[in-house]
1. Within region 160-169, can one find any residue that is surrounded by 13 or more Cβ atoms within 10 Å (Cβ to Cβ) and part of a loop (DSSP other than H, G, I, E, B)?
2. Of (1) in a strand (DSSP E or B); (2) modelled with pLDDT of 85 or more, Leu89 satisfies all except one. Which?
3. Cβ-Cβ distance below 7 Å, separation of 6 or more or different chains: which pairs start in region 250-263 with a residue that is closer than 24 Å to Gly46 by Cβ and end on one that is polar (S, T, N, Q) and surrounded by fewer than 19 Cβ atoms within 10 Å (Cβ to Cβ)?
4. Give me the pairs, please: first residue somewhere in region 217-229 and surrounded by 14 or more Cβ atoms within 10 Å (Cβ to Cβ), second residue anywhere and in a loop (DSSP other than H, G, I, E, B) and among the hydroxyl-bearing types (Ser, Thr, Tyr), beta-carbon distance under 6 Å, and either six or more positions apart or on two chains.
5. Kindly list, by first and then second residue, each pair from a residue in region 38-57 that is closer than 11 Å to Ile105 by Cβ to a residue that is of a type in the set (Ser, Thr, Tyr) and surrounded by fewer than 13 Cβ atoms within 10 Å (Cβ to Cβ), limited to pairs with Cβ atoms under 7 Å and residues at least 6 apart or on different chains.
6. Residues of region 214-271 being part of a strand (DSSP E or B) and at positive phi, which ones?
7. Could you list, in sequence order, the residues of region 172-213 that are outside any strand (DSSP E or B), at pLDDT below 90 and not β-branched (Val, Ile, Thr)?
8. Yes or no: Leu49 modelled with pLDDT of 90 or more and part of a loop (DSSP other than H, G, I, E, B)?
Amino acid sequence: MNKKSCFFVVLMMIVSLLAGCTSTVSQLMEKIKKPEITGLSPHITGLDLEGVEVSLDMAVNNPYPVAIKSPEMKLVLDIMGKEFLNSTLSSGLNLPASGTGNLNIPLKLKYADLFNIYQELKGAKETTYAVRGSLSLPVMDQKFDIPFKTEGRIPIFKLPKIEDIKVNFGKPSLLDGAEISATAKLTNPNICAIGVQGLGYNLSLGDVTVGDITAMTGSSIEPDASDTLTLKGKISALNTIQQLLGGQSLGTPKVNLIGAIETPYGKINLK
């Protein structure tokens, strides 16, 4: 008889003496101290244009002098109070004898999947979630469940908005081209501050791309706040300069973002 079996046989004998010979195994189990979840902490570990990564850290205390290996886990993820994911899996958690085992559960929530089910999230800045379920622990050929539940909120990230673009032209010259300056309003529509020092910008006027772009703006933008973006560049294509000299319009100005945005959850690289 191995150590684990010997321990539970002795434990059963002791509890039987205390509880009376007519007690059932399930009744006896109610009198035995069981493993318990002593820590449950969710936190956001990553964020990008496709979705958000959430990590669930769990600590489980095992009072028995024998280890319990890989209990089964039932996991349910709710979004806005509605079930989004339901799964049963091996936890991969080993509970050491008379000690605490730690488990990390990573979850990746893709915005496309969320928007497909929860249409109202397309215009939202964040949403609520809940992770609930149970660990099913085998003890003396019996299984008992340890339930758990935790809640939180996840951001729905959106790119900064660029609005109110105004363009000014320097005097065009067939030899030197034309200097261009532009201003725009750069707005952060998210619930968290963003760092914009790593951003770059492409400026175009219709089909014409402005070269040698330099940009000036603040280093960060608070939630739902705006900053002024100033761009300077140059147009040198001969046919474009001829259009300007002839008083023709070059088309609607447009600014595209490149580079990276800093968030409290990490850097987001733009494609």
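The values are calculated or read from the model by the stated rules, or taken from the named source; none is laboratory data. From a predicted model like this one, the values you see are computed outputs, not experimental measurements. With ideal geometry, Cβ positions are generated from the backbone for all residues, glycine too; neighbour counts draw on all protein chains shown.
1. yes
2. Result: Leu89 fails condition (2) only.
3. Filtered contacts from region 250-263: Ile258/Asn202; Ala260/Asn269.
4. Correct list of pairs: Asp227/Thr217; Leu229/Thr217.
5. Asp57/Ser41
6. Gly259, Gly266
7. Correct list: Pro172, Leu174, Leu175, Asp176, Gly206, Asp207.
8. yes
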